[in-house]
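Here is the structure we will look at, set down as structure tokens.
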Amino acid sequence: MNKRQAVVKTKRFQRSLFGGLLAVSLSACSVTPTAITLDQKMALVAADREAMFSNQEPISKAIGLEEAMARAVKYNLQERLALMEKLAEENVLDLQHFDMLPKVAANAGWTTRDSESASSSKSVSTGAQSLESSTSQDKSVSTADLSVSWNILDFGIGYFGSKAQANNILAAEERRRSVVADIIQKVRSAYWDAVTAQQLQPVVKATLQEAYDALEKAKQTEKERLIAPLDALKYQKSLLEMISRLETLEGDLSASKARLAALMNLPPATRYQLVEEKVLPTSLHYSLEDLEAMAMVNRPEINEEAYRARNVALDTRSALMRLLPGASLFVGSHYSSNSYLANNDWADAGVQVSWNLLNVFSYSDIKRLGETKQSVADLRRQALRMAVLTQVNIAWQQYSQANNQFERTSELLRVQNAILKQTSGAYQNNAQSLVERVRMTTESVLATRSRDRSFAQMQNAYGAIFQAAGLDPLPEQVADHSVETLTQAISAQSRLLDEGQVADLSSLPASQLASLNVPVDTNLLRPVVNQVNKNINAQDAWQSLGSLQEVQMKDYTYQ
């Protein structure tokens, strides 16, 4: 075979090889979109429903407030999501640790060709061929390598990355605390609304039945013309208005337990009973100053912002470390089946240093950027502290107002019940009509509901104070995660909160305690605001405060 024939054969081999690879690639990239079928959707619905409501402890008795909180903490999907986010951050940290380890690479391969890898040389001075074509490599060669390399610069960057990820785990735990506090607060509000509704529902049904009977009698009276037609129609109108109000109230009472069931992650059609509770006023054993100080230390949003500020500093250090020279240490063992080699296996080791000198000129920019980010983080944390202080004060005022409102509605209910008693006696003596008695009974029911709602609002405001102060409804350590154990832990923690024995500030130094109670002077922050970022808005921090964000706060920062 001459040289021309060999070239033609080689080109044919290359074309067939590349053509085959191209055909395989095109067939692999040819993907047809496939819609989800109805059967797949139904299977997904069944799987999600099983995952949402499976493995829950059955309800064997009437549910109390603490058990409702325990079930919400254990089974609520928001709490599950927060736990999964924390677990994901922990898994990322486990992976981040590997970035600090040396790189161990193992390679093996086999190559072949259709002709010899031959070459010749020519003289540089004369241009004549100095020796005939020769080869130093077999047509088919197998190779294997095992090498270990360690870049010191990568180790440092990986170290800072691991510390930043550790802060992310702590921040995720603070977010979980915030989710738990928010769930507990929602359960507290929904529970008291539901339990008072459960206690009032039989009275509403009895009053409705009485109104239905009175309406039938009024219609019969109209037919028999026992009273004037206009008076009969007026009686019916009054009864229909009262029935409408009672039916609306009955629907609202039925929805109260459904809202609580959703928080406990119970299927919507689940039937359950709540423990009968007494409607009694509450008392708070914390001063406003202590609540403000505890909020500065305990609020999860502030602690999360502190961990973010840590990561800002770590990011700056990591960026500055990238400016340093990179030194790599390597050692390896190699093997080749090439029969022309004098040594088919060998080992090597060495050190390699690389440094991009142009990176040095970015030092001042990186440092300036890091200082700016740190100023932003400090300002965001201070703005958050201002929002938290305002929130504590608003929660305190709302609790005081809710207490006053509860006292007024309780007094109104007492008067209305007395009127009802007098009306019932007059009706028995035929001094007043049945319509008047039904009207008084309806007003008594509505007054009871108004008192119950004010009581639920008072309980909600009572819990909002603890949430605003960052006082956890769960202790730090729990024996296990059963509903009974969580119920007992929440009950014990609630007793401590009610008695004012949680987060005793007497252990803090006097200087630190004094600094916690001093609000931030926003006038000192204005130059930093103008220098760093004029778009920073206190509303961003305010909206991250969970269920209390509906409280309106006027921003005096830029006045």
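The values are calculated or read from the model by the stated rules, or taken from the named source; none is laboratory data. These numbers come from a predicted model, not from an experiment. Positions of Cβ are generated from backbone atoms using ideal geometry, with glycine treated the same way; all protein chains shown enter the neighbour counts. Note: accessible area is taken over every heavy atom of the protein model, side chains too, but ligands, DNA and RNA are not part of it. Shrake-Rupley method; radii C 1.70, N 1.55, O 1.52, S 1.80 Å.
Structure values in brief
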{"read-out": "Contour minus Cα-Cα distance for residue 203 and residue 364 (0.36 nm per residue)", "value": "50.4 nm"}
{"read-out": "Full-stretch length increase - residue 252, residue 372 - with 0.36 nm per residue and alpha-carbon distance subtracted", "value": "37.9 nm"}
{"read-out": "Cα gyration tensor, region 341-387 - rounded (a/c under 1.5), prolate or oblate", "value": "oblate"}
{"read-out": "Nitroxide proxy distance, nm - points 7 Å out along Cα→Cβ at residue 308 and residue 134", "value": "7.0"}
{"read-out": "Model label zone, residue 341; criterion: amide N under 18 Å from point 7 Å along Cα-to-beta-carbon; scope region 133-161", "value": "135-148"}
{"read-out": "Calculated FRET value between residue 259 and residue 217, using beta carbons and R₀ = 30 Å, to 0.05", "value": "0.20"}
{"read-out": "When each of 205/257; 74/186; 163/367 is checked by Cα-Cα distance, pairs over 18 Å", "value": "163/367"}
{"read-out": "Cα gyration tensor shape of region 234-361, rounded if a/c is under 1.5, else prolate or oblate by comparing a/b with b/c", "value": "prolate"}
{"read-out": "Net +/- balance of residues flanking residue 489 in space, Cβ distance below 14 Å, scoring K and R +1, D and E -1", "value": "-3"}
{"read-out": "Between region 215-231 and region 429-493, the alpha-carbon center distance in angstrom", "value": "43"}
{"read-out": "Sulfur and carbon atoms: percent of accessible area, region 356-400 [1.4 Å]", "value": "57"}
{"read-out": "Distribution of pairwise C-alpha distances over region 201-265, 5 Å bins, in %", "value": "4, 17, 21, 16, 12, 10, 8, 5, 4, 3, 1, 0"}
{"read-out": "Gain upon complete extension [residue 152, residue 478; 0.36 nm per residue less C-alpha separation]", "value": "113.1 nm"}
{"read-out": "Solvent-accessible area of residue 122 with every protein chain in place, 1.4 Å probe, in Å² to the nearest 10", "value": "150"}
